[in-house]
Amino acid sequence: MTAPKDRHDADASELELAPRRLAAIDLGSNSFHLLVANYRDDRLQVVARQGDKVQLAAGIDEDGQLNEDAMTRALDCLARFAPFLEGIAPPDLRVVGTNALRDADNSQEFIDRAEALLGTRIEIIAGREEARLIYLGAAHAVAEDGRRLIIDIGGGSTEFIIGEHFEPQALESLSMGCVTFTRRFFDGGEITEKRMRRAELAALSELANIQKPFQKLGWSDPVGSSGTIKAAAAVIAAAGKSPEGVITRQGLADLRKRLLKCKRLDRVAMDGLKADRARVFPAGIAILGAIFEAFDLEEMRYSDGALREGVLYDLAGRNSPEDSRLKTLANLERVYGVDARQADNVAATALALFAQVREAWRLDEDQARFLEWASRLHEVGLAISHSQFHRHGAYLLEHSDLAGFSRPEQRQLAFLVRAHRRKFPHKEWQALPAAERPAMSRLARLLRLAVILNHSRPEQPPETPTLTTDDGDALRLHLEAEQDPSLLLADLEQEVAYQQAADLTLILATD
């Protein structure tokens, strides 16, 4: 007779079977979207889906400032999303901002208020990272194999991706969207042939840079994943011009004629078109028409996988061997010829120092991960020049398109690499968001010590000296007698002076 499981074992079994609950919020230039889903067996099961036309991009004035009305609309939307996030673990939630927040000069003001409301971090992602995540979401939604062209027309930008399976082969983000083009070409509310063609020509001009390379790479399956493309497919299908979910060249041409007959944005009303999209619909159709023209498309089908689904699939692979950031880091090391042994040694020493002060400084696993990554990349700037290579490395990390990384993450890596030698970069530290500064300063100091301790570029990382601190910023480094040759001691004494100049305390203790 089999003994019954006790309650503890039953609970453990249930926990093992429980799916992982993930949530993503996409702060788009036109719409905000929330997606909550259970993740199990490499699939998403949707629990909640919410969307709201915030039109953030419409709230950016000529001086590049996001106005208060737009911020209020956005914060009100996030307040409606907030109850759906209850019970979501912090590592299982990601909030990403796109073109409007990339462009607005005062986006940090909005981000600070939104983070306080949601109680979580908001990440601004670069255009190509947005494209990568869109492809990931769309590729999971499209079951067929083959090389695909994925297009997503947003409020402020349009993303283009060619890929096979779950691997993108070409990524681009162009500065054209249904909200920004509405302001640019339909600002008076009139819909005329002249205005429509001007919008189409502007889109064709943007497309000229990618038209030939994308056509050379080729595709067999054009897929659209945006609200504009969904609406276009719905309107064309409602008119009986094509099957549901498919946009044909002729159906698009007929739709364009119907829009011109409306004459004004406030008169746009069609079966299949939601009222809250009507005002930006003509600009979206102008962009879509230009895409059909530039790529000589006959038809395109709609897929409901988009940025938020891609965020969730990417989130599911984070901090695992499938983390896309690991592939990016390995590629950076290869492309810029990083000395792998030295990178390994500095990383090992940095993490050993981190372990000694982690509890006192209240540091976490994510911060350990960024310290390790910065350690591995601290010499990436040597590929440009030995002089000021820490500055060159920081520039590369902050301004390159790094798949898997948000802009804040790139900024953190860039700061750590910039700060790993010479004078402590107070100006760059002040440019970080206030909430990030204490941890970034502490991680930079650990990296600086790790680099000094490996200055002689040994075969193996040296024995790690004892490092202690209280909950303040004073550090005490204790060197054993065999650890204080004159060169090392001179380097450490210089580091004491560098830290003292930054109002930081480093105390050396030797036997």
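Any read-out appearing in this document is the output of simple, stated calculations on the displayed coordinates, not a laboratory observation. Please read all numbers here as calculations on a predicted model, not as lab measurements. Note that we place each Cβ from the backbone using ideal geometry, even for glycine, and neighbour counts take in every protein chain shown.
Roughly speaking, what is the stretch gain from residue 369 to residue 460, that is 0.36 nm per residue apart minus the C-alpha to C-alpha distance, in nm to one decimal? Mind dumping the intermediate values first?
Working: separation 91, 0.36 × 91 = 32.76 nm, distance 2.10 nm.
Stretched out fully, the residue 369 to residue 460 stretch lengthens by 30.7 nm.
With unit charges on the beta carbons (Lys and Arg positive, Asp and Glu negative) and the dipole taken about the Cα centre of the chain, which residue among 413, 373, 169 sits farthest to the positive side?
169
Starting from the 7 Å offset along Cα-to-Cβ, what nm value, one decimal, do you get for the label separation of residue 145 and residue 299?
2.3 nm
Taking 0.36 nm per residue of separation and subtracting the Cα-Cα distance, what length does fully extending residue 489 through residue 82 add? List each step's numbers first, then the result.
Working: separation 407, 0.36 × 407 = 146.52 nm, distance 5.33 nm.
Gain on extension, residue 489 to residue 82, equals 141.2 nm.
If you place +1 on the Cβ of every Lys and Arg, -1 on the Cβ of every Asp and Glu, and leave all else neutral, what size is the dipole of region 319-460 about its Cα centre, to the nearest 20 Debye? Spell out each step's value before the answer.
Numbers: 21 positive and 17 negative charges, 132 e Å.
Approximately 640 debye in magnitude.
Amide H to amide H, which residues 5 or more places from residue 123 or on other chains are under 5 Å from it, using H placed in the peptide plane?
95, 96, 97
Points 7 angstrom from Cα along the Cβ direction at residue 327 and residue 167: gap in nanometres?
Going by the 7 Å Cα→Cβ label model, 0.7 nm.
Which order do the peptides 240-251, 349-360, 93-104 take when ranked by the mean count of other beta-carbon atoms within 10 Å per residue, highest first?
Listed from highest to lowest mean packing, they are 93-104, 349-360, 240-251.
With both bridge residues required to lie in the chain, what share of the DSSP beta bridges run antiparallel, to the nearest 5%?
Numbers: 41 of 60 bridges.
Percentage antiparallel, nearest 5: 70.
What per residue convex hull volume, in Å³, comes out for region 404-511 when only alpha-carbon positions are used? Don't jump to the answer; show the numbers that get you there.
On the way: hull volume 12.8 nm³, N = 108.
About 118 Å³ per residue, rounded to a whole number.
Which residue, 324, 282, 348, has the largest displacement toward the positive end of the dipole of region 249-382 when charges sit on each Cβ (Lys, Arg +1; Asp, Glu -1)?
Result: 282.
Taking region 128-313 on its own, what percent of its Cα-Cα pair distances exceed 29 Å?
Working: 2601 of 17205 pairs.
Roughly 15 percent, once rounded to a whole number.
Report, by chain and number, residues whose modeled amide H sits under 5 Å from the one on residue 170, excluding near sequence neighbours (fewer than 5 apart, same chain).
162
Over the alpha carbons of region 105-200, what is the largest minus smallest coordinate on each principal axis, giving the biggest first in Å?
Sorted from largest, the Cα extents of region 105-200 read 44, 43, 19 Å.
Using a Förster distance of 22 angstrom, determine the FRET efficiency expected from the C-beta separation of residue 89 and residue 320, and round it to 0.05. Each step should come with its number before you reach the end.
Working: r = 15 Å, r/R0 = 0.70.
In this case the efficiency is close to 0.90.
Could you pull out every residue, at least 5 positions away or on a different chain, whose amide H is within less than 5 Å of the one on residue 475? Hs are placed 1.01 Å off N in the peptide plane, and Pro or chain starts have none.
Result for residue 475 returns 505, 506, 507.
Taking region 236-338 on its own, what percent of its Cα-Cα pair distances exceed 17 Å? Let's see the in-between values first.
Numbers: 3517 of 5253 pairs.
Looking at region 236-338, the distances longer than 17 Å represent 67 percent of pairs.
For region 85-96, in order, what is each residue's ³J(HN,Hα) by Karplus, 6.51 cos²θ - 1.76 cosθ + 1.60 with θ = phi - 60°, in whole Hz (x at glycine and Pro)?
Here the 3J(HN,Hα) series is 8, 4, x, 7, 5, x, x, 9, 10, 9, 10, 10 Hz.
Taking the Cα atoms of region 19-125, what is the range of coordinates along each of the three principal axes, in descending order and whole Å?
Computed over the Cα atoms, the extents are 48, 22, 22 Å.
Applying the Karplus parametrisation 6.51 cos²θ - 1.76 cosθ + 1.60 with θ = phi - 60° to the phi angles of region 23-40, what ³J(HN,Hα) value in whole Hz is obtained for each residue in order, glycine and proline being reported as x?
Per-residue couplings from phi come out as 9, 9, 10, 9, 8, x, 6, 9, 10, 9, 10, 10, 9, 10, 8, 8, 10, 7 Hz.
For region 149-230, count all C-alpha to C-alpha pairs, find those more than 21 Å apart, and express that count as a whole percent of the total.
Details: 1129 of 3321 pairs.
Counting every Cα pair in region 149-230, those more than 21 Å apart make up 34 percent.
By how many degrees, 0 to 90 and rounded to 10, does the Cα axis of helix 407-418 deviate from the longest principal axis of the chain?
It is inclined by approximately 30 degrees.
Within region 84-101, whose backbone N sits under 20 Å from a point 7 Å along Cα→Cβ of residue 45?
84-89, 92-93
Can you give me the convex hull volume of the Cα atoms of region 82-123, divided per residue and expressed in Å³? Kindly include the intermediate steps, with their values, before the conclusion.
Values: hull volume 2.8 nm³, N = 42.
About 67 Å³ per residue, rounded to a whole number.
So, in nm, how far is label residue 201 from label residue 339 when the simple model puts each one 7 Å beyond its Cα toward the Cβ?
Between residue 201 and residue 339, the label points sit 5.8 nm apart.
Want the number for residue 115 to residue 508: 0.36 nm per residue separation, take away the alpha-carbon distance, what's left?
Details: separation 393, 0.36 × 393 = 141.48 nm, distance 3.98 nm.
Once the chain is fully extended between residue 115 and residue 508, it gains 137.5 nm.
Let me spell out the model: positive unit charges on the Cβ of Lys and Arg, negative unit charges on the Cβ of Asp and Glu, origin at the Cα centre of the chain. What dipole size does that give, in debye rounded to 20?
Charge dipole of the chain: 2140 debye, to the nearest 20.
Could you tell me how many degrees, from 0 to 90 and to the nearest 10, lie between the Cα long axis of helix 281-295 and the main elongation axis, the longest principal axis, of the Cα atoms of the chain?
The angle comes out at about 80 degrees.
What number comes out for the charge environment of residue 323, summing +1 per Lys or Arg and -1 per Asp or Glu over other residues with Cβ under 10 Å away?
After counting each charged neighbour, the total is +2.
Could you rank the peptides 190-198, 211-219 by their average count of other C-beta atoms within 10 Å per residue, with the highest value first?
Numbers: 190-198: 15.1, 211-219: 13.4.
Ranking, from highest mean packing down: 190-198, 211-219.
Rank 209, 270, 95 by how far each Cα sits towards the positive end of the charge dipole of the chain (+1 on Lys, Arg Cβ; -1 on Asp, Glu Cβ) and give me just the farthest.
270
How far is helix 227-238 tilted, in degrees, relative to the longest principal axis of the Cα atoms in the chain, given as a value from 0 to 90 rounded to the nearest 10?
Between helix and principal axis, roughly 20 degrees.
For the chain, how big is Rg over Rh, using alpha carbon atoms and the Kirkwood form of Rh?
Details: Rg = 26.2 Å, Rh = 25.3 Å.
On the Cα set of the chain, Rg over Rh gives 1.04.
Excluding residue 499 itself, calculate the net charge of residues whose Cβ lies under 14 Å from the Cβ of residue 499, where each Lys or Arg counts +1 and each Asp or Glu counts -1. Could the numbers behind the result be given before it?
Numbers: positive: 421, 422, 423, 442, 445, 448, 476; negative: 473, 491, 493, 495, 503.
So the surrounding residues net to +2.
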